[in-house]
Amino acid sequence: MPKYASTYRSTEVEIMDNFNLQGKEMEDVLTDLKIVSNLLGGASITLKGIKKLLTERSKNKPITIIDVGCGDGEMLRKCARFGIKNGYNFNLIGLDANPNIILEAKERSKNFKNISYKTVDIFSTEAFPEVDIVLCNLFLHHFKNDDIVRILKKVLLASNLGVVVNDLHRSKLAFTLFKGFSRVFLKTNIAKHDGLVSVARGFKKEELENLSKNINNQQSLIRWKWAFRYQWILKNNL
């Protein structure tokens with residue numbers, strides 16, 4: 001059983017971080033994760049962050065958005081629908097280091113012509129493409145603090161408008177509530193396990209503020225959101 005600590009982020013590894021996970025087992029876990037997102041409303045935090053960064057951007061111009069650690073692309077599909085509804089011309093790109101998940105993302109997004117995917121390790125020496133907005137949606141908690149700073153420095157430098165982070169608040173209450181939630185709504189043991197690990201690897205607000213201090217030439221806005229999330233918007237000051 002995953003353990004929770006208030007004073008530090010867990011170092012336990014999520015099962016989904018094993019790139020050998022594939023096939024029906026992987027599909028079922030991804031479906032469980034979609035259920036979590038839909039029932040707890042996490043996607044709206046990212047969409048509102050995008051909208052905030054686009055307040056001074058003309059809707060007539062194409063807008064390129066990259067989702068780092070995109071998983072099966074559920075967030076990008078929500079972005080595509082959001083773009084259509086609000087009259088934006090989105091070009092959406094999903095990056096993930098797991099080639100099996102990228103294949104699944106392509107299959108689940110085959111009806112969306114403005115979404116594409118690429119297998120990429122965020123720590124590779126490959127140059128990060130210049131884009132308008134970078135999304136880190138439930139992605140950063142997978143990494144140690146030093147690596148988070150490296151990731152954000154890299155993607156912020158490549159973004160014209162900024163970065164939208166949507167990640168978990170490490171809370172004993174959230175950890176306890178997720179146990180009950182997962183028993184009722186989730187089918188796979190992997191999703192039940194990884195959900196608890198994710199909360200235990202989440203953040204306190206002061207931890208995000210300390211990370212922000214190590215990233216130069218940016219302006220941060222960190223706000224708590226339901227259900228036990230933080231929206232962290234970073235704007236490039238270069």
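Structural remarks
- Considering Val164, Val197, the condition of being touching a Ser or Thr at 6+ places or on another chain (Cβ under 6 Å), of a type in the set (Val, Ile, Thr), closer than 18 Å to Leu138 by Cα and touching a residue at least 12 places away in the same chain (Cβ under 8 Å) is satisfied by Val164 alone.
- Residue count for segment 159-174 satisfying the condition of being surrounded by fewer than 16 Cβ atoms within 10 Å (Cβ to Cβ) and either assigned to a helix (DSSP H, G or I) or of a type in the set (Lys, Arg) (or both): 2.
- Residue match in segment 204-217 (condition: among the polar types (S, T, N, Q) and in contact with a helix residue (DSSP H, G or I) (Cβ under 7 Å, 6 or more places away or on another chain)): yes
- The residue of segment 1-37 that is surrounded by the most Cβ atoms within 10 Å (Cβ to Cβ), among those that are among the β-branched types (Val, Ile, Thr) and in a loop (DSSP other than H, G, I, E, B), is Val13.
- Looking across segment 201-220, the residues that are of a type in the set (A, V, I, L, M, F, W, C) and surrounded by fewer than 22 Cβ atoms within 10 Å (Cβ to Cβ) come down to Leu208, Leu211, Ile215.
- Test for Ser109: is it over 14 Å from the mean Cα position of the chain (by Cα), crowded, with 21+ Cβ neighbours inside 10 Å, polar (S, T, N, Q) and on the phi < 0 side of the Ramachandran plot: yes
- Against the list (1) of a type outside the set (Asp, Glu); (2) over 15 Å from Met75 (Cα atoms); (3) at pLDDT 95 or above, the condition Ile133 fails is (2).
- Screening Gly71 on (1) in a helix (DSSP H, G or I); (2) at positive phi shows it passes everything except condition (1).
- Test: Arg77 is more than 25 Å from Lys172 (Cα to Cα), modelled with pLDDT under 90 and among the charged types (D, E, K, R): no
The values are calculated or read from the model by the stated rules, or taken from the named source; none is laboratory data. Since the model is a prediction, treat every value here as computed from it, not as a measurement. In this analysis, Cβ positions are derived from the backbone assuming ideal geometry, glycine residues included, and neighbour counts consider all displayed protein chains.
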